[in-house]
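One structure below.
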Amino acid sequence: MRILICDDDDLTIKQIRKYCQFFFDKIEVKCPELVCFSDGETLLSDEGEKDILFLDIEMPGMNGIYVGNELKMRNENIIIFIVTSHSEYLDEAMRFHVFRYLSKPLDKQRFFRNMKDAVDLYNSMTVKIPIETKQGVHTLPASSIVAIEAQGRKITVHTVKGDFESIHTIKYWENLLPKNHFFQTHRSFIINFEHVTDFDHTLVHMSDNQFHAYLTKRKYSAFKEAYLLYLESTR
């Protein structure tokens, strides 16, 4: 993981660095690489990985709205925090799907809560899942799995790369997949919230309605609550 901070205020940069270091100390994980920039031009010219970004809006030269849009076009999975004291930019920032909007001065506890959500999201996008078939093992990011489907003893893993017939049971998949991104909607289906298009009381439509999973009535309320929590965590 690589965390970037872009702000023309040195005090804000120091505060975010300090809070990041405190956060990873608290969860007993080595702090990732922290890279700081004072303007958007320098940030955009950086060729390293960009996983999590704390981005100011009002900076000399390119403003944060332009920089955020550009980075999202280059990498849709970048997790962007907008950090500013100017709330009037919120609507513009939301257009390129920022993760969270943090107001200056930063509140330490709110920072920690949002940082936890960002790290959980990053882990869910980057964790690799082995799909063992009779022909071999295919390793894909968890985010590329659309759903698991059981048809009798046949277990199909539907992914954005195609379908794979797993040698494992649906119970195995229920225990393996990250709980904050996957939900068992029916005894025959486990779905990935990331690929949900819409749902009603009986069906969950996936991947722009190219696939659907059954949703049992007794699980509807729990599914709806879990899905809304997922959406909240990705805003």
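Things to note:
- With the simple model of a label 7 Å out from the Cα in the direction of the Cβ, LEU106 to ASP39 spans 2.3 nm.
- From the C-alpha gyration tensor of the stretch 147-235, square roots of 5λ in Å: 20, 14, 13
- When the helices of the chain are scored as -39500 (n - 2.57) per DSSP H run of n ≥ 4 and the total is divided over every residue, the value at 222 nm lands at -10500 deg cm²/dmol.
- Ranked by how many other beta carbons lie within 10 Å on average, peptides 183-190, 162-169 from highest: 183-190, 162-169
- Mean Cα-pair separation over length for the chain, i.e. relative contact order, pairs under 8 Å, 6 or more apart, %: 12
- The stretch 186-235: GluC sites (Glu not before Pro) in DSSP loop, at most 13 other beta carbons within 10 Å: none
- 26 Å Cα-Cα threshold exceeded, pairs from LYS128/LYS154; LYS26/LYS219; LYS154/LYS179; LYS72/LYS128; LYS161/LYS219: LYS26/LYS219; LYS161/LYS219
- Packing rank of 207-215, 127-135, 75-83, where each peptide gets the mean count of other beta carbons within 10 Å, highest leading: 75-83, 207-215, 127-135
- Entry for Rg and Dmax of the Cα atoms in Å (calculated from the structure that is shown) out of (i) 20.0, 62; (ii) 18.6, 71; (iii) 21.5, 67: (i)
- Descending by average beta-carbon neighbour count within 10 Å, the peptides 170-179, 109-118 line up as 109-118, 170-179, the highest first.
- Solvent-accessible surface of the stretch 2-127, averaged per residue with a 1.4 angstrom probe and all protein chains in place: 51 square angstrom.
The values are calculated or read from the model by the stated rules, or taken from the named source; none is laboratory data. On a predicted model such as this, the values are computed, not experimentally measured, just so you know. Note: ideal-geometry Cβ built from the backbone for every residue, glycine included; neighbour counts use all protein chains shown. Surface areas here come from the heavy atoms of the whole protein model, side chains and all, with no ligands, DNA or RNA. Shrake-Rupley method; radii C 1.70, N 1.55, O 1.52, S 1.80 Å.
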